[in-house]
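Peer 1: Okay, handing you the structure first.
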Amino acid sequence: MTASRARPARQTPRPPTQRQAQADLTRHKLLDAAVEQFSARHFDDVTATDITRTAGVAQGLLFHHYGSKRGIYLEALREAANRLNAAHTPPAGGGSPGERCREMLRAHLRYLGEHDALALRLILGGSGGDPEAWEIFDQSRWHAIEWICQLLELDLDRPALRLMLRSCAGALDEAVTYWLKNDRPFDVDAMVDVVVELLVTSLRCVARLDPDIDVGNAVAKLADTDAGRSAFGGTAARRYR
């Protein structure tokens, strides 16, 4: 083989230098501290010094890595949204669609229950305070809706589905806000059962808005667990065709 036709040797990625590793660690410390501070207090009440003191790093490093308090605030929100997505998206496989949907809802409620300050101030805080921040978490809601549609083999491009499933997600936000603010008067499994029934009702409304959408298969999949068969009496799929 001539030199001109010889394939270039693959270069092994270099491990990060000690300086790069230290910079990554500093960014993570700052993000964790920012999530903690902004979960506990309003944006205007948190200073850069509060964040760097919590992170245990020099104040100048916040501006070096994130540019401004606003910059680290938005990055902290993205980090919180990523953590929420990771918490409530089960791995592929492992049970029927109905069981996997319920497990996703359990994980969602448990995560928000374990991070109630974060949930109430940032995730469930409403769109009135900061539209850019709201958009970050609204993308997380659509992530969950898309996952459910894939699980139940529903076409999310249909306007009736987008309308009713986003409405269902909004109702879930309101329910979780009340649940957290009132010392969680119902256990997680009871909440999951009623949210699944709310989802089934939303699917029934989809069929009313667009009779060409057959939601019977999706409802049957939701009912395909021991709890689901008990709740829906094995007739849900027939009632919503």
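The values are calculated or read from the model by the stated rules, or taken from the named source; none is laboratory data. Because the structure is a prediction, the values reported are computed rather than measured. Using ideal geometry, Cβ is built from the backbone for each residue, glycine included, and neighbour counts are taken over all protein chains shown. All accessible areas refer to the heavy atoms of the entire protein, side chains included, with ligands and DNA or RNA removed. Shrake-Rupley method; radii C 1.70, N 1.55, O 1.52, S 1.80 Å.
Peer 1: Specify the residue that is modelled with the lowest pLDDT; the eligible residues are those in the range 9-35 that are within 13 Å of Glu75 (Cα to Cα) and surrounded by 13 or more Cβ atoms within 10 Å (Cβ to Cβ).
Peer 2: Among those residues, the one meeting the criterion is Val35.
Peer 1: So His42 ticks every box in (1) closer than 17 Å to Gly125 by Cα; (2) surrounded by 14 or more Cβ atoms within 10 Å (Cβ to Cβ) but one. Which box is left unticked?
Peer 2: For His42, the exception is condition (2).
Peer 1: Please state which of the following conditions Glu99 fails to meet, knowing it meets all the rest: (1) at pLDDT 90 or above; (2) touching an Asp or Glu at 6+ places or on another chain (Cβ under 8 Å); (3) open to solvent by less than 70 Å² (accessible area, probe 1.4 Å).
Peer 2: (3)
Peer 1: Kindly provide the set of residues from the range 134-183 that are farther than 30 Å from Asp212 by Cα, more than 14 Å from the chain's Cα centre (by Cα) and surrounded by 15 or more Cβ atoms within 10 Å (Cβ to Cβ), ordered by number.
Peer 2: Those that are farther than 30 Å from Asp212 by Cα, more than 14 Å from the chain's Cα centre (by Cα) and surrounded by 15 or more Cβ atoms within 10 Å (Cβ to Cβ): Ala175, Thr177, Trp179, Leu180.
Peer 1: Scan the range 108-117 and give yes if some residue there is outside any helix (DSSP H, G or I) and either in contact with a His (Cβ under 9 Å, 6 or more places away or on another chain) or within 29 Å of Ala207 (Cβ to Cβ) (or both), otherwise no.
Peer 2: Step one: list which residues in the range 108-117 are outside any helix (DSSP H, G or I), which gives 115.
So of that shortlist, the ones also either in contact with a His (Cβ under 9 Å, 6 or more places away or on another chain) or within 29 Å of Ala207 (Cβ to Cβ) (or both) come out as none.
No: zero hits.
Conditions (1) modelled with pLDDT under 95; (2) surrounded by 15 or more Cβ atoms within 10 Å (Cβ to Cβ); (3) not acidic (Asp, Glu), marked per residue:
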{"residue": "Val188", "(1), (2), (3)": "no, yes, yes"}
{"residue": "Asp193", "(1), (2), (3)": "no, yes, no"}
{"residue": "Ser202", "(1), (2), (3)": "no, yes, yes"}
{"residue": "Arg208", "(1), (2), (3)": "no, no, yes"}
{"residue": "Val215", "(1), (2), (3)": "no, yes, yes"}
{"residue": "Ala236", "(1), (2), (3)": "yes, yes, yes"}
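Peer 1: For the range 69-80, does any single residue satisfy the condition of being under 26 Å from Leu154 (Cβ atoms) and in a helix (DSSP H, G or I)?
Peer 2: No; the residues of the range 69-80 include none that is under 26 Å from Leu154 (Cβ atoms) and in a helix (DSSP H, G or I).
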